[in-house]
There are 2 protein chains.
Amino acid sequence: MGNINLKELALALNLSTATVSRALRDSHEISTETKKKVLELAKKLNYEPNPSASNLRSQKSKTIAVIIPEVTNNFFSQAINGIEEIARQHDYHVLIYQTHENSELEIAFMRRLLSGRVDGILISVASETNDDQDFKDILNELPVVFFDRVNENIDAVKVTTDDYESTYKATTHLIECGCRKIAYLMALNNLSTGKKRFAGYLAAMKDNNVTENEALIIPDSNNDDDNYTHIKKLLLDEKPDGIITSIENLALPCYYACRDLKLNIPRDVKLISFSNLKTAPLLNPSLSTITQPAFEMGKEAASILFKILNKKYFEPNETLVLKSVIIKRESTGF
Amino acid sequence: MGNINLKELALALNLSTATVSRALRDSHEISTETKKKVLELAKKLNYEPNPSASNLRSQKSKTIAVIIPEVTNNFFSQAINGIEEIARQHDYHVLIYQTHENSELEIAFMRRLLSGRVDGILISVASETNDDQDFKDILNELPVVFFDRVNENIDAVKVTTDDYESTYKATTHLIECGCRKIAYLMALNNLSTGKKRFAGYLAAMKDNNVTENEALIIPDSNNDDDNYTHIKKLLLDEKPDGIITSIENLALPCYYACRDLKLNIPRDVKLISFSNLKTAPLLNPSLSTITQPAFEMGKEAASILFKILNKKYFEPNETLVLKSVIIKRESTGF
DNA sequence: GGCTTTTATGCAAACGTTTACGTAAATAAA
DNA sequence: TTTATTTACGTAAACGTTTGCATAAAAGCC
């Protein structure tokens, strides 16, 4: 029968709550024999300290929050997996909040968390534009680590991938495969993450003397159907021979648009996409991808957060950059 | 500057903390004018009540826990999405715990949650065998709703899909497509979820006078490589002309095994799988699936939990059964 | 053996809320 | 006008921990 508390435990042991509390936390002030007695009875009675009381007194919640756009996204679910693993190691609890790309919700979540519900936050920001000031206010109150989707205007600890290099290499790959009219499906263009990806594309185009064309650059919408329509229009109007998509969600609409226009990938148009899809090798055709180390990013971001929480961190605005890998498959002719 | 508390707020308003607290909770005991004053200043000063203090006093955490095997699984991430949506509507927070199919961890998580950290639990149990008694003990302490992966020996509120009917129909579909040696890749066979799926397969075989063969029934392992090896061996030794897999994770190893054995799907062997893969239509060949309404299940399970929390629930051991849909694609010859 | 130091424990305050109970003033009922 | 009721607020206890301080006993020192 659960929910025995310290007082009852102390009573049963004929000790004060102070002694029992200290014994449970393995304080050096307590003799080994009483410690043993306390631990034994606590285990026997299934004693679990009340976290609210503990948090209230100690001002530690043993909880972190993860704020992400969508959990139904391979990148983010893999990142959560990594975060959860590290949190587990530190005996911490993990709260999940989805913004669905809504930045107002995002800020509202963070504000609510300021009252001591969590000791720190891991966030991959929404693609909507944000008021930077809101973030800055919050950063003063609580440790926050940004990962993947980061805001360039904010000084904070960040974990990203080599966005510029990834798209540079991917674009170069398409060029090497013979593409000359390379469309860029742009996303996250108000975040440094998106800007760097775009810059990598532009630089690769320039360095390889491929003429850039505004008409080949289209922004994403937050809606699969719209994306499908836009891509179809792009394919019809501009007849690109290569496409690079800057987020995973844009890959499938490309497949559908090509299928419906009877365009063959990779013969008529080659495709490479950011993606953590486990099924990329089994698609028809298999998809060439820029694959981010999502799991590791989650682990790294969480590890850094715990370093901060344990005051073992001395680089306040460090950015850790992990490497994505480019996997060449049939969709680019391999 | 954050972290103003009730006392300070009360002081600034020249009111008692009791009045301010009641005003914030819109109590009828407080005059509309003071309510207005309190709300205004609270908003202005960004007052956020301290959840630990509030929880401690009110014995409500405004938090639920979701315990699942893996977050990197389409079914579960979609379910989380649904759960989060409902939790948001109720202004609740969502904690995530992954068991990685380890039932000891699962029980440990639940025990820890008994101390008031959460008001209720949503769980899809690990495939490892569990001690039913542990679950029963916990059910006495805290509202729990099981979803998808449920334990038949436990009387509790459950949300499942029509597991028996799904595999019955899928098996029938394979038979209608001409299969006579239908392999069943069994999983979750210690849970009623898995048992029902298997029973549906057996019943469909029997009803259609297809001879059952023990050798065609192989259990899953928790490891992709092992599954690949076992499936390959199955394909070589038994030469099934149809395969039905009882969980999503077994689908991809089938693709790889067939590819490596130069077996054509669907010509040599037809395949249908439980799956919430968004890419099922784009696989090579596209995958026929039994698709569970994961998002809706999450929503339903969470909704029921909130009904229980709000004491609006009067069917203590109800099982809500949602319908999966069978989508026929190329892997079964469509 | 008296002194200081160490060891092991207890007392009580504090964390920031919520809420039962009390009460004074205002209003309604008689 | 007297009494009963309602309204609007305050007092203080409680939720279950943690921890600074006090203290008694034991041990160490000369």
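The values are calculated or read from the model by the stated rules, or taken from the named source; none is laboratory data. None of the values given here were measured: they were computed from a predicted structure. Positions of Cβ are generated from backbone atoms using ideal geometry, with glycine treated the same way; all protein chains shown enter the neighbour counts. SASA here: full protein model, heavy atoms, side chains in, ligands and nucleic acids out. Shrake-Rupley method; radii C 1.70, N 1.55, O 1.52, S 1.80 Å.
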How many residues does region B:44-75 hold that are part of a helix (DSSP H, G or I), within 8 Å of chain A (Cβ to nearest Cβ), touching a residue at least 40 places away in the same chain (Cβ under 8 Å) and open to solvent by less than 30 Å² (accessible area, probe 1.4 Å)? 1
Just wondering, is there one or more residues in region B:292-304 that are more than 30 Å from residue A:280 (Cβ to Cβ) and within 14 Å of chain A (Cβ to nearest Cβ)? yes
For region B:10-43, give me each residue that is touching a residue at least 12 places away in the same chain (Cβ under 8 Å) and either open to solvent by less than 50 Å² (accessible area, probe 1.4 Å) or away from DNA strand C (no atom under 13 Å from the Cβ) (or both). B:13, B:19, B:20, B:21, B:23, B:34, B:35, B:37, B:38, B:39, B:41, B:42
Quick test of your reading of the structure: residue B:67 fulfils all but one of (1) within 16 Å of DNA strand D (Cβ to nearest atom); (2) at pLDDT 95 or above. Name the failing condition by number. (1)
Contacts under 6 angstrom Cβ, first residue in region A:134-154 being within 14 Å of another protein chain (Cβ to nearest Cβ), partner open to solvent by 10 Å² or more (accessible area, probe 1.4 Å) and assigned to a helix (DSSP H, G or I), 6 or more apart: A:134/A:107; A:143/A:308
Mind checking whether some residue in region A:129-144 is modelled with pLDDT of 95 or more, outside the structural domain of residue A:223 (by TED's automatic domain parsing), out of contact with any His (no Cβ under 9 Å at 6 or more places or on another chain) and crowded, with 24+ Cβ neighbours inside 10 Å? no
Residue list for region B:8-41, restricted to those being within 14 Å of chain A (Cβ to nearest Cβ) and either at pLDDT below 95 or over 41 Å from the mean Cα position of the chain (by Cα) (or both): B:8, B:9
Quick test of your reading of the structure: residue A:229 fulfils all but one of (1) out of contact with any strand residue (DSSP E or B) (no Cβ under 6 Å at 6 or more places or on another chain); (2) at pLDDT 95 or above; (3) within 24 Å of residue A:86 (Cβ to Cβ). Name the failing condition by number. (3)
What residue, of B:164, B:201, is without any contact (Cβ under 8 Å) to a residue 40 or more places away in the chain and more than 30 Å from residue A:4 (Cα to Cα)? B:164
Within region B:95-112, take every residue that is facing chain A (nearest Cβ under 8 Å) and buried (at least 23 other Cβ atoms within 10 Å of the Cβ) and give me the one that is nearest to residue B:303 (Cα to Cα). B:96
Within region A:113-121, identify whether any single residue is touching a strand residue (DSSP E or B) at 6+ places or on another chain (Cβ under 6 Å), buried (at least 23 other Cβ atoms within 10 Å of the Cβ), at pLDDT 95 or above and not in a helix (DSSP H, G or I), and answer yes or no. yes
Could you tell me whether any residue of region B:76-86 is within 11 Å of another protein chain (Cβ to nearest Cβ), among the aromatic types (Phe, Trp, Tyr), crowded, with 22+ Cβ neighbours inside 10 Å and out of contact with any Ser or Thr (no Cβ under 8 Å at 6 or more places or on another chain)? no
Hits in region B:76-103 (condition: over 21 Å from residue A:108 (Cβ atoms) and part of a loop (DSSP other than H, G, I, E, B)): B:99, B:100, B:101, B:102
So in region A:163-197, with the set limited to residues that are open to solvent by 10 Å² or more (accessible area, probe 1.4 Å) and among the acidic types (Asp, Glu), which one is farthest from residue A:127 (Cα to Cα)? A:176
